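Worksheet: the structure to be examined is printed underneath.
The values are calculated or read from the model by the stated rules, or taken from the named source; none is laboratory data. This one's a predicted model, so the numbers in the text were calculated from it and none came from an experiment. Cβ: placed from backbone, ideal geometry, glycine included. Neighbour counts: every protein chain shown. Areas reflect the complete protein model, heavy atoms only, side chains present, ligands, DNA and RNA absent. Shrake-Rupley method; radii C 1.70, N 1.55, O 1.52, S 1.80 Å.
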Amino acid sequence: MYFLKSNIDYNCSLPFIKIKASIILLGMSLFLFSCEQNLEIELPNSQLTGVTVFEDTATANAALAELYAQLRDNTLVTGSSTGLGVMMGLYADELDYYSYPGQPAFNFYNHTVQPTDLAVGFYWNNGYKVIYGANAVIEGLRNSTVLSEEEKAPLMGQAYFIRAYVHFYLLNLFGGIPYIESTDYTVNSEVSRLMEIEVYQKIIADLVTSQSLLEEADSLGEHIYPTKITATAFLAKVYLFNEQWTLAKAAANDVINSGQFSIVQDLDSVFLPESSSTLWQLKPPFGNNTLEAQIFIFESGPPSFVSLRPDFVNDFDAADLRRQHWIGEATDGDNTWYFPNKYKLRLPTESSQEYSVLLRLEEIYLIRAEADAKLNNLSDARSDISIVRQRAGLENTTANTQQEILDAISKERKWEFFAEQGLRWFYLKHSNRASLILEPIKTGWRETDILLPLPQEELLLNPNLEPQNPGY
């Protein structure tokens, strides 16, 4: 497990983050799928726990900025070829693969993932790297005697939110996992996996803490930092996945009724930075646009990497405006291929014109719809489904029974959130529909594929992580 065990000089002066005593070097080289060897990170000469101290808010903000950059560029929800939008899109029923056999993406597409795959280690190690960084920020702020409690609160709130956010994705990829709340290597090197319900409880606790600390609104107005309402929205999702329907509905109500957000009717504006439906997004480096656009958009066929599956595209209603506005086409004259076109700009512009959206209001409406359906509030559930459908130019849902409504919600998520951080996969898993959908179209699918394997290297380093997930 990656707990940032390095030979960093704990008294060195870092040019980007000047911190009294010590701080982790968050910009260390990451695992890349093209690497031939795993990055070996050695144990530090001295174990320093709780000695990171921030001298001012600028240094804490710099450390947090690096965590956001890691999320955007290198970890789990990145829009790059290594992110969940691509890898779990291949794993599910969204994307076809066109590149070389034997690559991590090929293994995800064919359901031949093994515990030794670089992609598996990439998600595990880089996820825990960000968690370690969040813990370092929390500890550094706690230890600071210079900063006031008012200055510490929103910064700690962001760190708690990030810690919960990354643990949530690791949990839904790997099942029961360790929940890391310290930078102490002597503790972290011997951790055990927790039951899924225990991990959810810790995620919820962190999000509730972040709610109490975060600011009411993003002072920059760009929704690039979590706020109280962001934490509430993500709590709604966590409650839903933990089958706490009443709490999920209540949290979704708080978001929808806050008046801070509204569904954008123009589909071409949904993924613009000023979109009123965006609850949280990651800003690219100045002048760049999204990694998602760079990966997904192609101008001629056949594709060099991935494309949308034709059967996935054909499943859209002919009148669905999302099909028209969010899916692009390329042809060689004889064949046509499709690609996600939610983000339109592949190349840099004078200033960044598209940000990577991680959480938006449409998801909260469908979370509330599912919670209502589970609580047998069927009329309310239908109403929320129809709100999403109306923006897509579709008629209100005709679903009547509880099961019909749950099926309708699943379809709306498919059409609304394709190619976004693996949301299609995670909701298939959450709703126990993965085998139903994937077994008929994936020859390599096994029911045990509902979880990825734990990295073999981690099991060798820490036997407390045993047993390996079934099927591997």
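Could you work out [θ]222 nm for the chain from helices alone, using -39500 (n - 2.57) per DSSP H run of at least four and dividing by all its residues? Round to the nearest 500 deg cm²/dmol.
Helices in the chain give a 222 nm mean residue ellipticity of -14000 deg cm²/dmol.
Bridgeable aspartates and glutamates around residue 283 (alpha carbons under 15 Å apart, same-chain partners fewer than 8 residues away excluded): 66, 73, 218, 222, 274, 292, 350, 354. In the neighborhood of residue 161, defined by Cβ-to-Cβ distances under 13 Å, what is the net charge if each Lys or Arg adds +1 and each Asp or Glu adds -1? Local net charge: 0.
Multiplying the residue separation of residue 396 and residue 143 by 0.36 nm and removing their Cα-Cα distance gives an extension gain of 85.6 nm.
Among 104-117, 209-222, 80-93, what's the highest-first ranking by average C-beta atoms within 10 angstrom per residue?
On the way: 104-117: 18.2, 209-222: 15.9, 80-93: 25.1.
The most tightly packed comes first, giving 80-93, 104-117, 209-222.
The shape of segment 299-359 comes out oblate: with a ≥ b ≥ c from the C-alpha gyration tensor, a/c is at least 1.5 while a/b does not beat b/c. The largest accessible area among 67, 406 belongs to the first residue in 406, 67, and the rest follow in falling order (1.4 Å probe, all chains).
With all protein chains present, how much of the accessible area of the chain (probe radius 1.4 Å) comes from carbon and sulfur, to the nearest whole percent? Reported share for carbon and sulfur atoms: 49 percent. Among the listed pairs 129/202; 129/228; 374/411; 344/429, those with a Cα-Cα distance over 20 Å are 129/228; 344/429.
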